[in-house]
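For reference, the structure is listed below as structure tokens.
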Amino acid sequence: MAFLLTDEQRAFASSLDAMLAAADTPAVIRARAAGDAAPWRALWARLAEAGVFALAVPDAYEGVGPLPVETAVAFERLGRHAVPGPPAETVAAAALLTALAEAGAEAPAKRFLPDLASGAVVATLAAREYAADADLADVVLAVAGDRLVLAPGHEAVRASADPGRRLARPLPGGEVLAAGPAVTAAAARARRWAALATAAQCLGLGRALLERTVAYTKQRTQFGVAVGSFQAVQHRLADVLIGLEFARPLVHGAAVTLGEADVAAAKVAAGEAAYAAARAALQLHGAIGYTEELDLSLWLRKARPLRDAWGTPAECRAAVLAAEA
């Protein structure tokens, strides 16, 4: 399948790149890790103003979507700039509420979707027992069996390998927003949206790591020459590039179809490619790659959590095999 972004999609990506480059996301991540959420909330408001969260919300609820391709384009840029917080979980919550509205349970959509689209409300959706960045979210949603619950809060926050990310268990109880088979189907759609968004983040993250590593190997010297001139280094970087380039059409194809197997294939390919980029970046930067003072560490520490979020490699491979059986 041939896939090319339109002029409008490329312009949208460029505008997000420019905005995020000026936002100093490393400073935002470090502030969030230190407990100061103000810079992050300012960045979230700018993303909402750019229309990122409206992409998953239908126009009937003050959004512009659902537009999964544009969502993938946007999230690739979010990954490229290591944006912290729960953007994938907010998109997943929007997809879940939209699916419920289509099934006739419109009250939760009317209640939350307009504010999700505008950025006035930050939402997170629990994956298994944990919700990402529940401490930043205004709305914590959890699917318990065939019930969608608005959690009354969350338990103590757990640190993640990613300093810009936290995990917490939603508290039991809370308001039941919807129940029945429609919730199960809506949750499945939400997981596909979350996996797609995360795969796109992996793609952008991996590309940023590759570009930083290529630039560094041109500057770092051994035996009087740049290490980037060594054939072993070139082969390592070429392998990373091939992995990312093979993952890109899978991500774009999954955005077009939103099929379970397509999304799973995209997630595993992009996640593994980003993780390979992180390993190569760490090894080729040498000892400096281990230092927290280097901004590179913020990208390195996102690769593994993103690879495993919303579908580990083993789970995604199993989903692809099950679809082909």
Hey, any hits in the stretch 78-99 for a residue that's modelled with pLDDT under 95, surrounded by fewer than 24 Cβ atoms within 10 Å (Cβ to Cβ) and of a type in the set (Gly, Ala, Ser)?
no
Taking the conditions exactly as written (within 30 Å of Pro66 (Cβ to Cβ), in contact (Cβ under 8 Å) with a residue 60 or more places away in the chain and of a type in the set (A, V, I, L, M, F, W, C)), does Ala261 satisfy them or not?
yes
Of the candidates Tyr290, Tyr275, the one satisfying the condition of being crowded, with 20+ Cβ neighbours inside 10 Å, of a type in the set (Phe, Trp, Tyr) and closer than 23 Å to Arg80 by Cα is Tyr275
Has the stretch 43-54 got any residue that is among the charged types (D, E, K, R) and part of a helix (DSSP H, G or I)?
yes
Going through (1) crowded, with 19+ Cβ neighbours inside 10 Å; (2) more than 17 Å from the chain's Cα centre (by Cα) one by one, Ala144 fails only at (1)
So Ala60 fits all but one of (1) part of a loop (DSSP other than H, G, I, E, B); (2) surrounded by fewer than 19 Cβ atoms within 10 Å (Cβ to Cβ); what number is the exception?
(1)
Taking the stretch 164-192 only, how many residues are more than 16 Å from the chain's Cα centre (by Cα) and under 22 Å from Pro152 (Cα atoms)?
17
Strands (runs of 3 or more DSSP E) fully within the stretch 132-246 counting 1 or more residues that are free of Cβ contacts under 8 Å to residues at least 60 places away in the same chain and in contact with a Ser or Thr (Cβ under 9 Å, 6 or more places away or on another chain):
139-144, 166-168
So which residues in the stretch 63-112 are out of contact with any helix residue (DSSP H, G or I) (no Cβ under 6 Å at 6 or more places or on another chain) and among the acidic types (Asp, Glu), if there are any at all?
Glu89, Glu102, Glu106
Inside the stretch 2-35, the number of residues satisfying the requirement of being outside any helix (DSSP H, G or I), exposed (fewer than 12 other Cβ atoms within 10 Å of the Cβ) and of a type outside the set (A, V, I, L, M, F, W, C) is 2
Can we say Pro181 is within 27 Å of Ala72 (Cβ to Cβ), surrounded by fewer than 20 Cβ atoms within 10 Å (Cβ to Cβ) and at pLDDT 95 or above?
no
Can you tell me which residue is surrounded by the most Cβ atoms within 10 Å (Cβ to Cβ) among those in the stretch 293-324 that are among the acidic types (Asp, Glu) and modelled with pLDDT of 95 or more?
Asp308
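Please verify whether the stretch 188-199 includes one or more residues that are out of contact with any Phe, Trp or Tyr (no Cβ under 7 Å at 6 or more places or on another chain), surrounded by fewer than 16 Cβ atoms within 10 Å (Cβ to Cβ) and charged (D, E, K, R).
Within the stretch 188-199 (the criterion being out of contact with any Phe, Trp or Tyr (no Cβ under 7 Å at 6 or more places or on another chain), surrounded by fewer than 16 Cβ atoms within 10 Å (Cβ to Cβ) and charged (D, E, K, R)), the answer is no, since none of the residues qualifies.
The values are calculated or read from the model by the stated rules, or taken from the named source; none is laboratory data. Remember, it's a predicted structure, so these values are computed and weren't measured experimentally. All Cβ positions, glycine included, derive from the backbone under ideal geometry; neighbour counts span all protein chains shown.
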